[in-house]
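The structure under discussion appears below in the form of structure tokens.
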Amino acid sequence: MRRTGTTITAVIGALGIIVGIGFVVAEHPARASAGSNGSTTPTAEPGRRVATIGDSIMAGYGLDSDADAWPAMLARADHLDVTNLACSGAGFVVDGDCGDDFSGLVSQAVAVHPSIVVLQSSDNDLGQDPAAIDTATRQAVDQLHAALPHARIVGFSTLWDQPGDVPDEVAQSSTSLRRAVEADGGRFVDLGQPLAGHADLLQADSEHPTVAGQQVLTRVVERALRRAGVRL
């Protein structure tokens, strides 16, 4: 009888251990999903899905791969799920090579259910009526905010890499975005002109970054977001 009692005690103890392990597993679910070939691939943690809307600099124009554009570099460095919707030639007013302006890309951004949307004003809108830029910018940001009320909207200032003085319109396009983003409770981040005067970081057109230039932009974006208190 004493032996039977010992056995029962051991079984109860083992069941307790199994139940305890079950609670631990439930509290710490796996952070990877199985791919189609059975291998595991990392998945983005909640709150780390980002959509980016911008022009050819953000798109990585002229590079061998869009994986060399700064949004893709940022995704790899910070383990983010980034959908880069940048469209070469586009602005808030001007249609780009994709056939849309930035407002036309909003529905694609909404479709990926991001927790953060990054928009960057563009020098492609230079020469357009300032009032039209202001209105189009406000409409695009309002459209995003209405569709994604819980997402954080972050605006980036216009980049101007070309030689010579920065046109006044560049500041005006940035100001339009800042007003629109802040009006909807978002955050505007001034990146400055980190590549201006650095011909070695630009392609032959003196406008679009090389891979090294995109690497610089990635670091600038990371630092600027930290200073602004934006956690990706």
Hey, among Ala224, Ala204, Ala196, Ala171, which residue is assigned to a helix (DSSP H, G or I) and over 15 Å from the mean Cα position of the chain (by Cα)? Ala171
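If you check Gly213 against the conditions, is it assigned by TED's automatic domain parsing to the domain that holds Gln139 and either at pLDDT below 95 or buried (at least 20 other Cβ atoms within 10 Å of the Cβ) (or both)?
Values: assigned by TED's automatic domain parsing to the domain that holds Gln139: yes; either at pLDDT below 95 or buried (at least 20 other Cβ atoms within 10 Å of the Cβ) (or both): yes.
Yes, satisfied.
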Among the listed residues Pro163, Pro149, Pro167, identify the single one that is free of Cβ contacts under 8 Å to residues at least 24 places away in the same chain, surrounded by fewer than 16 Cβ atoms within 10 Å (Cβ to Cβ) and either not hydrophobic (A, V, I, L, M, F, W, C) or not assigned by TED's automatic domain parsing to the domain that holds Ala90 (or both). Pro149
Taking interchain pairs and intrachain pairs at least six residues apart, which have beta carbon atoms under 6 angstrom, with the first residue in the range 80-109 and in contact (Cβ under 8 Å) with a residue 40 or more places away in the chain and the second in a loop (DSSP other than H, G, I, E, B) and of a type in the set (Ser, Thr, Tyr)? Gly91/Ser122; Gly96/Ser88
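With respect to Phe102, determine if the residue is within 20 Å of Asp161 (Cα to Cα) and aromatic (Phe, Trp, Tyr).
no
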Of all residues being in contact with a strand residue (DSSP E or B) (Cβ under 7 Å, 6 or more places away or on another chain) and in a helix (DSSP H, G or I) in the range 67-99, which is nearest to Leu177 (Cα to Cα)? Just the residue, please. Pro71
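Rundown of residues vs (1) under 21 Å from Leu144 (Cβ atoms); (2) at pLDDT below 95; (3) surrounded by fewer than 24 Cβ atoms within 10 Å (Cβ to Cβ); (4) basic (Lys, Arg), yes/no style:
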| position | (1), (2), (3), (4) |
| --- | --- |
| Ile57 | yes, no, no, no |
| Leu63 | no, no, yes, no |
| Asp68 | no, no, yes, no |
| Phe92 | yes, no, no, no |
| Asp95 | yes, no, yes, no |
Positions within the range 175-224 being polar (S, T, N, Q) and either free of Cβ contacts under 8 Å to residues at least 40 places away in the same chain or closer than 19 Å to Asp125 by Cα (or both), in sequence order: Thr175, Ser176, Gln193, Ser206
All positions within the range 122-140 that are part of a loop (DSSP other than H, G, I, E, B) and either within 26 Å of the chain's Cα centre (by Cα) or outside the structural domain of Gln162 (by TED's automatic domain parsing) (or both): Ser122, Leu126
In the set Ala228, Ala131, the lone residue that is among the hydrophobic types (A, V, I, L, M, F, W, C), surrounded by fewer than 16 Cβ atoms within 10 Å (Cβ to Cβ) and farther than 24 Å from Val50 by Cβ is Ala131
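The values are calculated or read from the model by the stated rules, or taken from the named source; none is laboratory data. The shown structure was predicted, so the numbers you read here are calculated from the model rather than taken from an experiment. Every residue, glycine among them, receives a Cβ derived from its backbone with ideal geometry; neighbour counts consider all protein chains shown.
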